[in-house]
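For reference, the structure discussed in these notes is given below.
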Amino acid sequence: GAVVSQHPSRVICKSGTSVKIECRSLDFQATTMFWYRQFPKQSLMLMATSNEGSKATYEQGVEKDKFLINHASLTLSTLTVTSAHPEDSSFYICSARETGLNTEAFFGQGTRLTVV
Amino acid sequence: AQKVTQAQTEISVVEKEDVTLDCVYETRDTTYYLFWYKQPPSGELVFLIRRNSFDEQNEISGRYSWNFQKSTSSFNFTITASQVVDSAVYFCALSEDTSGGSNYKLTFGKGTLLTVNP
């Protein structure tokens, strides 16, 4: 299957700082990418849908000013957690879908964010 | 609204036992996809299967098999002769959009933690 690379895999940051997470589709073009969040021992919750060249669509309850999403090219979407707080500590995982009809979505390796 | 229920939070078996993970879904759409993913301790999601709503044939892949029953809205997953390496969290998921549009959201169940003991 296609490869989605997410970086970094782990990050520790101080409260009040911002952290950027990258999601790249390595061997295909992705018009749409998705960002999920997973708390320990819980399910994955969709945060937002990232569309290349346009604004992301955020799910209800997700602060768009706190979780900035940029999808500047067909192979890269970034999620920036701004002014991070300890409650933002979580596992963030992206998925990317190939351009076209009925295509599969592949997941990145995930990023474990710890805010201290 | 779509919903996926995995009633089994944790299952523990001994190696070589067969184990079935249950998944029940709710959707108003007639066209949808169902998925199973494996999440090992390292965290990445490993794709196992995708099944569309018009294909009710059961599928077998090695030790894995899936039973899709539209009448009961279930998509159960069976591992035969389980192995220690099968230990992971398994997620069932549902997608209602198969039109090729940008809305290809996955709704996940809460997951089932499978522990296979030697």
Query - Cut-off under 5 Å, modelled amide H: who pairs with B:Gln8 long-range - result: B:Asp22
Report task. Please tell me the relative contact order of chain B in percent, rounded to the nearest whole number, where contacts are Cα pairs under 8 Å and at least six residues apart. Result -> 38 percent
**Report entry** Whole-number percent relative contact order across chain A, with pairs defined as alpha carbons under 8 Å at least 6 apart
**Finding:** 37 percent
Query raised in the report: Given H placed on each backbone N at 1.01 Å, which residues far from B:Ser87 in sequence or on other chains put an amide H within less than 5 Å of it?
Result: B:Val116
Report task. Sorted from largest down, give the three principal axis spans of the alpha carbons of chain A, whole angstrom values. Result -> 41, 26, 22
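Under unit Cβ charges (Lys, Arg +1; Asp, Glu -1), what dipole magnitude, rounded to 20 debye, does chain A have relative to its Cα centre? Display every interim value, and only then the final one.
Working: 11 positive and 10 negative charges, 65 e Å.
Its charge dipole is roughly 320 debye.
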**Report entry** Amide H contacts under 5 Å for A:Ala48, placed H, 5+ residues apart
**Finding:** A:Trp35, A:Glu59
Report task. Could you check how much of the accessible area of the protein assembly as shown is carbon and sulfur, as a whole percent, using a 1.4 Å probe? Result -> 50 percent
Query raised in the report: Which residue, A:Cys13, A:Cys94, A:Cys23, has the most motion in a Gaussian network model of chain A that connects Cα atoms within less than 10 Å?
Result: A:Cys13
Query raised in the report: Which net charge results when you count Lys and Arg as +1 and Asp and Glu as -1 among the other residues whose beta-carbon is under 14 Å from that of A:Tyr58?
Result: +2
Query raised in the report: Counting Lys +1, Arg +1, Asp -1, Glu -1, what net charge surrounds B:Ala81 among other residues with beta carbon under 9 Å of its beta carbon?
Result: -1
Query - In sequence order, calculated HN-Hα J values of the stretch B:3-9 (Karplus, 6.51, -1.76, 1.60; Hz; x Gly/Pro) - result: 8, 10, 10, 10, 5, 7, 7
Query - Zero-based 10 Å bins, Cα pair distances in chain B, whole percents - result: 14, 47, 31, 8, 1
Query raised in the report: Can you give the Rg to Rh ratio for the protein assembly as shown, taking only C-alpha atoms and Rh from Kirkwood?
Result: 0.97
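Counting only heavy atoms of protein chains, what accessible area per residue, in Å², does the protein assembly as shown have with a probe of 1.4 Å? Could you put the intermediate results ahead of the total?
Details: 11420 Å² over 234 residues.
In whole numbers, the protein assembly as shown has 49 Å² accessible per residue.
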Report summary line: Treating only Lys and Arg (+1) and Asp and Glu (-1) as charged, each at its beta carbon, one finds that chain B has a dipole about its Cα centre, in Debye to the nearest 20, of 180 debye
Query raised in the report: Along the positive direction of the dipole of the protein assembly as shown (beta-carbon charges: Lys, Arg +1; Asp, Glu -1; about the Cα centre), which of A:Gly53, B:Asn58, A:Ala96 reaches farthest?
Result: A:Gly53
Query raised in the report: So which trypsin sites (Lys or Arg not before Pro) in the stretch B:20-72 pass both tests, a DSSP loop state and at most 12 other Cβ atoms within 10 Å of the Cβ?
Result: B:Arg28
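Give a quick list of GluC sites (Glu not before Pro) in the stretch B:20-118 that DSSP marks as loop, anything other than H, G, I, E or B, with at most 15 other Cβ atoms within 10 Å.
Numbers: sites: B:Glu26, B:Glu44, B:Glu56, B:Glu59, B:Glu96; in loops: B:Glu44, B:Glu56, B:Glu96.
Hits after loop and neighbour filter: B:Glu56.
May I ask for the accessible area buried between chains A and B, both sides summed, probe 1.4 Å, to the nearest 100 Å²? Intermediate values should be presented prior to the final figure.
Details: alone 6590 and 6540 Å², together 11420 Å².
That pair hides around 1700 Å² of surface in total.
The values are calculated or read from the model by the stated rules, or taken from the named source; none is laboratory data. Predicted model, so just to flag it, every value in this text is computed and none were measured. A quick note on method: Cβ atoms are made from the backbone with ideal geometry, for glycine too, and the neighbour counts reach across all protein chains shown. Please note that ligands, DNA and RNA were not included when accessible areas were found on the heavy atoms of the full protein model with its side chains. Shrake-Rupley method; radii C 1.70, N 1.55, O 1.52, S 1.80 Å.
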